[in-house]
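Report on the following structure.
The values are calculated or read from the model by the stated rules, or taken from the named source; none is laboratory data. Computed from a predicted model, the values in this text were never measured in an experiment. Using ideal geometry, Cβ is built from the backbone for each residue, glycine included, and neighbour counts are taken over all protein chains shown. All accessible areas refer to the heavy atoms of the entire protein, side chains included, with ligands and DNA or RNA removed. Shrake-Rupley method; radii C 1.70, N 1.55, O 1.52, S 1.80 Å.
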Amino acid sequence: MKIDARSISRTLADAGSWRAIVLHGEDTGLIRERAAQAVRLVAGTTDDPFQVAQLDRETQDRLEEEATALSLIGGRRVVWVREAQDSLAPLFKRVLETETETLIVIEAPGITARSKLRALAEAHKQVASIACYPEEGRALSQTVTDALGQAGVTIDRDALTWLMGVLGSDRGGVRGEIEKLVLYAGEKGRLDLQAVQDCVGDAGGNSLEDAAFSALCGNRMMADQALERALADGANPVAVARTVLGVLVRLQKVAQGVQDGQGRAETMKALRPPVFFKRTAAFNQALDRWPLAALSTAAWETQAFELACKQSASPDMALCRRHIASLCTVRKT
């Protein structure tokens with residue numbers, strides 16, 4: 001059953017009433033957070049091997065075995081499946097046809113609207129299909145202020161505005177930065193602009209932007225290292241594509257302004273959000289290397305890369321690494 005955005009919180013709060021929960025979308029951090037919430041609600045924990053069976057790509061063929069196993073210590077078991085793709089759909093369907101008390105929680109980042117797994121989840125009345133997309137703008141700002149408020153921490157308006165400009169949209173990264181801010185401010189503390197800048201620095205999507213800028217500046221080794229850090233932290237190839245495209249679009253705006261007769265520094269200052277001061281050198285170096293036409297070509301190729309990653313059974317990780325590597329060389333136009 002497809003769960004609309006307004007009902008997601010209520011659905012997760014009542015996770016035990018479902019046979020299965022399928023979490024999909026582009027925000028891997030939010031997918032992981034919601035999956036852990038559902039698992040913890042039903043099993044009381046996320047890391048007890050007697051109550052929670054965690055299956056990755058290599059062990060997903062054990063889904064039926066784990067779903068039908070009885071709890072050795074009582075209580076309801078949970079099977080937590082990560083990195084699920086369409087190949088899991090036939091096995092998942094067979095499990096749903098079997099009577100079992102086990103809750104199945106499936107993380108399926110990146111599957112498309114035409115995905116067989118997603119279609120199966122949306123068609124079954126006892127399966128909750130929940131979309132997890134990155135928060136932006138007002139929604140992201142509300143998430144940050146609510147989380148800080150729960151910890152008794154207040155934040156000045158200008159500090160919040162600056163934070164929104166550097167904070168990534170992936171839920172895992174956002175939560176990590178909020179935790180740092182809460183620790184920095186202390187109980188019932190207050191965050192001004194200087195405090196937030198000192199604490200967060202160049203925060204959200206740091207590794208992804210590092211990968212993008214290192215590649216565009218021609219540093220293959222640093223680009224590869226930053227990409228692997230981001231992937232290890234839970235970023236998916238679609239998020240990589242979105243970050244790279246965002247960087248390219250900002251570079252295009254400045255390159256176009258310079259071509260139209262404006263000063264580079266003036267055009268960079270006009271960007272919203274402005275270029276973070278620690279990125280200024282890399283931003284200028286990328287502009288020096290890439291002419292406007294080449295940036296446009298790279299942006300088009302990045303959009304094609306994102307589309308390819310969304311195809312069923314695509315080798316998205318290989319495509320991701322290849323695309324970052326390709327950006328180390330300026331396109332000929």
Can you run down the residue pairs with Cβ atoms below 6 Å, 6 or more apart or on separate chains, where the first is in segment 218-237 and farther than 19 Å from Lys310 by Cα and the partner is open to solvent by 30 Å² or more (accessible area, probe 1.4 Å) and part of a helix (DSSP H, G or I)?
Ala226/Asp210
Need the failing condition index for Tyr184 against (1) of a type outside the set (A, V, I, L, M); (2) farther than 28 Å from Asp61 by Cα; (3) buried (at least 21 other Cβ atoms within 10 Å of the Cβ), just the number.
(3)
Among the listed residues Gly176, Gly110, Gly189, Gly152, which satisfies the condition of being touching a Lys or Arg at 6+ places or on another chain (Cβ under 9 Å) and surrounded by fewer than 19 Cβ atoms within 10 Å (Cβ to Cβ)?
Gly152
Unique residue being open to solvent by 70 Å² or more (accessible area, probe 1.4 Å) and closer than 24 Å to Ala119 by Cβ when the list is Arg34, Arg40, Arg19, Arg6
Arg6
Can you tell me which condition Thr145 does not meet? The list is (1) touching a residue at least 60 places away in the same chain (Cβ under 8 Å); (2) hydroxyl-bearing (Ser, Thr, Tyr); (3) within 26 Å of Phe277 (Cβ to Cβ), and all the others hold.
(1)
Can you find a residue in segment 64-73 that is charged (D, E, K, R), open to solvent by 30 Å² or more (accessible area, probe 1.4 Å) and without any contact (Cβ under 8 Å) to a residue 60 or more places away in the chain?
yes
Extreme residue, most open to solvent (accessible area, probe 1.4 Å), among residues of segment 262-285 that are more than 19 Å from Leu167 (Cβ to Cβ) and either among the basic types (Lys, Arg) or touching a Pro at 6+ places or on another chain (Cβ under 6 Å) (or both):
Lys269
Members of segment 137-151 that are in contact with a helix residue (DSSP H, G or I) (Cβ under 9 Å, 6 or more places away or on another chain) and either more than 22 Å from Val39 (Cβ to Cβ) or at pLDDT 90 or above (or both)
Gly137, Leu140, Ser141, Val144, Thr145, Leu148, Ala151
Of the residues in segment 220-251, how many are of a type outside the set (Val, Ile, Thr) and open to solvent by 40 Å² or more (accessible area, probe 1.4 Å)?
11
All but one of (1) modelled with pLDDT of 85 or more; (2) crowded, with 21+ Cβ neighbours inside 10 Å hold for Lys93; which doesn't?
(2)
Residue pairs meeting the criteria (Cβ under 7 Å; at least 6 apart or on separate chains; first without any contact (Cβ under 8 Å) to a residue 40 or more places away in the chain and in the same structural domain as Gln303 (by the TED database), in segment 249-276; second open to solvent by 20 Å² or more (accessible area, probe 1.4 Å) and outside any helix (DSSP H, G or I)):
Met268/Val275
Taking Cys217 as the residue in question, decide whether it is touching a Pro at 6+ places or on another chain (Cβ under 7 Å), open to solvent by less than 30 Å² (accessible area, probe 1.4 Å) and not assigned by the TED database to the domain that holds Pro109.
no
Answer yes or no as to whether Arg322 is within 22 Å of Leu30 (Cβ to Cβ) and assigned to a helix (DSSP H, G or I).
no
